[in-house]
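Engineer: Before I ask anything, here is the structure I am working with.
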Amino acid sequence: MATAVFSAAQPTPSQGAWRRFCRHRLALAGALVIMVLVLGAAFGPYLLPFDDTYIDILKRFAPPLSGAHILGTDELGRDVLARLMMGARVSLSIGFVAMVIATVVGIVVGAFAGFYGGVVGAVLMRLVDAVLCFPTIFLLLALAALTEPGFVTTTVLIAATAWMWVARVVEAQVRSLREREFAVAALAFGSSNLRIMFRELVPNAIAPIVVAATLNVAKAILLESYLSYLGYGVQPPAASLGNMLNNAQIYLTSAPWLAIAPGIVITLAVTSFNFLGDGLRDALDPRMNIP
């Protein structure tokens, strides 16, 4: 009876992970900020009386809290809040899509390298090391100079410079799991190598993959801001957080709100995703036995 009561009192692994995550206050704050940003980017533009491309020359450089323009207007009289919400939508979309692409590529490369090892693993991981040798921003700018700027190319380029960290994580996890009993049993039952990799090994490495993917979103948003700021990313008149900063740089003294608003959103988004990644890492770490 005592054993039964003790067993019932023990939380399940998912409950223990949730409790550890809830104790990480910065991660909770980051998740809340991300939720607000996503909801604002998704539905905010439909709640405003101004379109992000609507031009009112008579109200150029209107300061914040000027009538209906809560965050003021820019050099063409466009509403800053409307452009900020649309820019956040573009930047977050690039971040999430680039994260998905980078995660898929990283999982495939890491799974094959970790499972087969030997020559295959060495070649694939040396490819990863070779790409990592180049500073990310310079590699990104070199690739961007060879392509037509836009949403799709920006997303693909960012994903192309972000999959290596996922591949390293997956390779290490798969290499440590491939000799475990469940993997050997699956092989003994006649499962194919692909099935063992993607139905047995990768699902058991999902925790570090989720953490790496979360941190990749923050990295992708920051890289999009770099590219658009330098003129290689999303092109005007479409708004993104990066090209809003690019357009605002010559008005820093006369209209500082044009740079402050997108700068704050970029800072909040990147910081929140980093906090969320830290919280998920602590919550999903199997070595954290405290419920």
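The values are calculated or read from the model by the stated rules, or taken from the named source; none is laboratory data. Quick caveat: nothing in here was measured; it's all calculated off a predicted structure. We place every Cβ from the backbone using ideal geometry, glycine too, and count neighbours over all the protein chains shown.
Engineer: Considering only residues that are in a loop (DSSP other than H, G, I, E, B) and surrounded by 15 or more Cβ atoms within 10 Å (Cβ to Cβ), which ones fall in the range 180-207? Quick ask: steps written out before the conclusion?
Structural biologist: Step one: filter the range 180-207 for residues in a loop (DSSP other than H, G, I, E, B), giving 180, 189-192, 205.
Result: Ser191, Ala205.
Engineer: Then there is this: Can you find a residue in the range 81-94 that is charged (D, E, K, R) and in contact with a Leu (Cβ under 7 Å, 6 or more places away or on another chain)? If you could, list the steps in order and put the result at the bottom.
Structural biologist: In the first step, residues of the range 81-94 are kept if they are charged (D, E, K, R); the result is 83, 89.
Filter once more, keeping what is in contact with a Leu (Cβ under 7 Å, 6 or more places away or on another chain): none.
Looking for residues that are charged (D, E, K, R) and in contact with a Leu (Cβ under 7 Å, 6 or more places away or on another chain), one finds none in the range 81-94, hence no.
Engineer: From the residues in the range 9-59 that are of a type in the set (Ser, Thr, Tyr) and in a helix (DSSP H, G or I), which one is nearest to Ile264 (Cα to Cα)?
Structural biologist: Taking the range 9-59 first, the residues of a type in the set (Ser, Thr, Tyr) are 12, 14, 46, 53-54.
So of that shortlist, the ones also in a helix (DSSP H, G or I) come out as 14, 46.
Details: Ser14: 34, Tyr46: 22 Å.
Per the stated criteria, the residue is Tyr46.
Engineer: For a quick check of your reading of the model, give me the residue pairs whose first member lies in the range 75-93 and is within 12 Å of Phe50 (Cα to Cα) and of a type in the set (Lys, Arg), whose second is buried (at least 22 other Cβ atoms within 10 Å of the Cβ) and at pLDDT below 90, with beta-carbon atoms closer than 6 Å and at least 6 apart or on different chains.
Structural biologist: Arg83/Ala239
Engineer: Which residue out of Thr271, Thr253 is under 13 Å from the mean Cα position of the chain (by Cα), of a type outside the set (Phe, Trp, Tyr) and surrounded by fewer than 16 Cβ atoms within 10 Å (Cβ to Cβ)?
Structural biologist: Values: Thr253 fails: under 13 Å from the mean Cα position of the chain (by Cα).
Criteria check complete, one pass: Thr271.
Engineer: Then there's this: Of all residues in the range 225-261, how many are without any contact (Cβ under 8 Å) to a residue 40 or more places away in the chain and among the aromatic types (Phe, Trp, Tyr)? Even if it seems obvious, please write down each step before you answer.
Structural biologist: Pass one, the range 225-261, residues without any contact (Cβ under 8 Å) to a residue 40 or more places away in the chain: 229, 236, 245-246, 249-250, 252-253, 256, 259-260.
Then drop every residue that is not among the aromatic types (Phe, Trp, Tyr), which leaves 229.
Number of matching residues: 1.
For (1) of a type in the set (A, V, I, L, M, F, W, C); (2) out of contact with any strand residue (DSSP E or B) (no Cβ under 7 Å at 6 or more places or on another chain); (3) surrounded by fewer than 24 Cβ atoms within 10 Å (Cβ to Cβ), each residue gets a yes or a no:
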| site | (1), (2), (3) |
| --- | --- |
| Leu157 | yes, yes, no |
| Gln173 | no, yes, yes |
| Arg178 | no, yes, yes |
| Val210 | yes, yes, yes |
| Ser228 | no, yes, no |
| Pro237 | no, yes, yes |
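Engineer: While we're on this one: Would you check which residues across the range 124-151 are at pLDDT 85 or above, assigned to a helix (DSSP H, G or I) and surrounded by fewer than 12 Cβ atoms within 10 Å (Cβ to Cβ) and list them?
Structural biologist: Across the range 124-151, the qualifying residues are Arg126, Asp129, Ala130.
Engineer: When the residues of the range 160-211 are filtered to those that are of a type in the set (Lys, Arg) and over 23 Å from Phe275 (Cα atoms), which remaining residue is farthest from the chain's Cα centre (by Cα)? So that I can check it myself, show each step before the final result.
Structural biologist: Quick first cut of the range 160-211, residues of a type in the set (Lys, Arg) only: 168, 175, 178, 180, 195, 199.
Remaining after also requiring over 23 Å from Phe275 (Cα atoms): 175, 178, 180, 195, 199.
Numbers: Arg175: 26, Arg178: 29, Arg180: 31, Arg195: 28, Arg199: 25 Å.
The selected residue is Arg180.
Engineer: Can I ask one more? List the residue pairs whose Cβ atoms are under 9 Å apart, where the first residue sits in the range 130-153 and is free of Cβ contacts under 8 Å to residues at least 60 places away in the same chain and under 18 Å from Ala98 (Cα atoms), the second is of a type in the set (Phe, Trp, Tyr) and assigned to a helix (DSSP H, G or I), and the two are 6 or more positions apart or on different chains.
Structural biologist: Qualifying pairs under 9 Å: Val131/Trp163; Leu132/Trp165.
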